[in-house]
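The values are calculated or read from the model by the stated rules, or taken from the named source; none is laboratory data. Since we're looking at a predicted model, the values are computed, not measured. Counting neighbours? That spans all protein chains shown, and the Cβs are built from the backbone with ideal geometry, glycine included. For the accessible areas, the whole protein counts, side chains as well, though only heavy atoms, and no ligand, DNA or RNA atoms are used. Shrake-Rupley method; radii C 1.70, N 1.55, O 1.52, S 1.80 Å.
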Amino acid sequence: MGLSTTMLLQTIYKEGCEKRCLIVSPHFPPSTLAGVHRARHLVKYLPVHGWRPTVICVDPRCHIERLDPQLAKLVPTDADIVRVGALPVCLTKLFGVAGDIGLRGYFYLRAALARQINSARPDAVLITGSPYYPMLLAGWIQRNWKLPVVLDFQDPWVSHTGANAAYWSKAGLSHRLAVAYEPRALRHAAFVTSVSDLQNREMAERYHWIDPLFMAGIPIGGDPDDFDAIRHLAKLRPRPGVPFTLSYVGTALPRSTALFTALFRSIASLLVQQPNLAARLRLRFVGTSNQPNDDTSFPVRALAAAEGIDHLVTEEPARVPYIEALKILATSDALMMIGSDEPHYTASKIYPALMSGRPYLSIFHRKSSAHEILINAGGGIALAFSSPTELEALVPRIGEGVRLLVQNAALLGEVNPKAYEPYTANAVAGRFADVFVSALQRQSTTNRT
């Protein structure tokens, strides 16, 4: 479905939209950070499911990261967007929070919420994060308007990584603040969503007063329409004799280190066993730092050097614009999808990768929902582990998978679109429409008691 077709559907359904919702998303296009896609997808597809959304975000002029004007073009032109200000960087830098747009824009977002609630009379409010501090507005909304608030956690606010950080480090302080503030926000939520059921279960274990009936695991998903912008590139294939490019687009997480090491170790073995084949390989890593302005960190190259294959690896640490990332996916010989040693890690980047139609090699924790999706999707080699010992034993299979991609990728077939259909942006918006209805019903019951 092209963008114009989607907008036509929105027009058809808009007259029947009886419900309104506010979406608080501090990051929104042209911001290029990963958190923009939840709100971007919802503002496009919620009208198809009977909800008219208004997004409240921080004005792009207040962001410190590089912007992505091409990404903004994927937002429907008739989308209702309210942009607010934020405290200046020069002031907040003194307190070490210049990079947290949720804190810098907190009171501006609150003021815009009050104006919108009083004027538009919405039926529900969705606050998505990270950043997470705007979720603390849930209690204020409840006290003043008794509206149902849905809190959407795109990553854990209270995380295992934060718990293991040095006590007096910035990460350690952030973790202690998360432990203090997360329950305060959750107590006022009519419904809680996150990107995985496991993340929800961990949250419910921390707070036994949370009702699991009002929780849902909803991945970020992907929009097949996005590829229309680069569809003409999808037919490009490398010429015979040039290197075989395996591309990875995304952050190199600290808890992915063991997985990257296993990958590089397998390539090192392949270089010994089949030197001619391995010499053809080029492993390209893009956006590994997840920061649009970072051109100095090279975490992946260091791991490759430790295994003696850094001459086969190129790394571009800066996060690239979204359309550029899609171009890399569509024109690579094959893709790498590397997860983490955490079972709850879902990796939203798997959806654009699957939609690109390129063959892939993936390595995820066995309990990750991403692995289950990839197994069912086909079109690639999906490998999994559940312990460090299993990951170490996986090294020969990783090497065999790389060999198969180089020599006989056609044997893998093509990705089955039905496997990711429940995770398209349209389907995800439908699930959120159901969540809003549940939240409304719960709030109505609460208001009567």
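Inside segment 210-221, residues that are farther than 19 Å from residue 427 by Cα and touching a Leu at 6+ places or on another chain (Cβ under 9 Å) make up a count of 1.
Would it be correct to say that residue 198 is open to solvent by less than 10 Å² (accessible area, probe 1.4 Å), under 21 Å from the mean Cα position of the chain (by Cα) and closer than 20 Å to residue 220 by Cβ? No: the conditions fail for residue 198. Of the strands (runs of 3 or more DSSP E) lying entirely inside segment 308-407, those containing at least 2 residues that are surrounded by fewer than 21 Cβ atoms within 10 Å (Cβ to Cβ) and touching a residue at least 24 places away in the same chain (Cβ under 8 Å) are 313-316. Among the conditions (1) farther than 24 Å from residue 399 by Cβ; (2) small (Gly, Ala, Ser); (3) modelled with pLDDT of 90 or more; (4) surrounded by fewer than 18 Cβ atoms within 10 Å (Cβ to Cβ), the only one that residue 229 does not satisfy is (3). Does residue 147 fit the bill of being out of contact with any Gly (no Cβ under 8 Å at 6 or more places or on another chain) and either touching a residue at least 40 places away in the same chain (Cβ under 8 Å) or open to solvent by less than 40 Å² (accessible area, probe 1.4 Å) (or both)? When the stated conditions are applied, residue 147 passes them.
Each residue in segment 87-102 was checked for being open to solvent by less than 20 Å² (accessible area, probe 1.4 Å) and either modelled with pLDDT of 95 or more or touching a helix residue (DSSP H, G or I) at 6+ places or on another chain (Cβ under 6 Å) (or both), and 3 of them qualify.
Just need a number here: residues in segment 256-277 that are over 26 Å from the mean Cα position of the chain (by Cα) and under 23 Å from residue 329 (Cβ atoms).
Count: 2.
Given the structure, is residue 305 at pLDDT 90 or above, more than 28 Å from residue 355 (Cα to Cα) and out of contact with any Phe, Trp or Tyr (no Cβ under 6 Å at 6 or more places or on another chain)? Yes, satisfied. Of all the numbered requirements in (1) modelled with pLDDT of 90 or more; (2) closer than 26 Å to residue 44 by Cβ; (3) open to solvent by 20 Å² or more (accessible area, probe 1.4 Å), residue 234 misses one, and that requirement is (1).
Within segment 26-80, the set of residues being assigned to a strand (DSSP E or B), surrounded by fewer than 19 Cβ atoms within 10 Å (Cβ to Cβ) and among the aliphatic types (A, V, I, L, M) comprises 67 only. Filtering segment 413-442 to residues that are outside any helix (DSSP H, G or I) and under 18 Å from residue 195 (Cβ atoms) leaves only 424. When segment 274-307 is filtered for residues that are touching a residue at least 60 places away in the same chain (Cβ under 8 Å) and open to solvent by 80 Å² or more (accessible area, probe 1.4 Å), the ones remaining, listed by number, are 280, 291, 293.
Any idea how many residues of segment 103-114 are buried (at least 24 other Cβ atoms within 10 Å of the Cβ) and either in a helix (DSSP H, G or I) or free of Cβ contacts under 8 Å to residues at least 60 places away in the same chain (or both)?
Kept after step one, since they are buried (at least 24 other Cβ atoms within 10 Å of the Cβ), are these residues of segment 103-114: 104-105, 109, 113.
Next, from what is left, pick out any that are either in a helix (DSSP H, G or I) or free of Cβ contacts under 8 Å to residues at least 60 places away in the same chain (or both): 104, 109, 113.
The number of residues fulfilling the criteria is 3.
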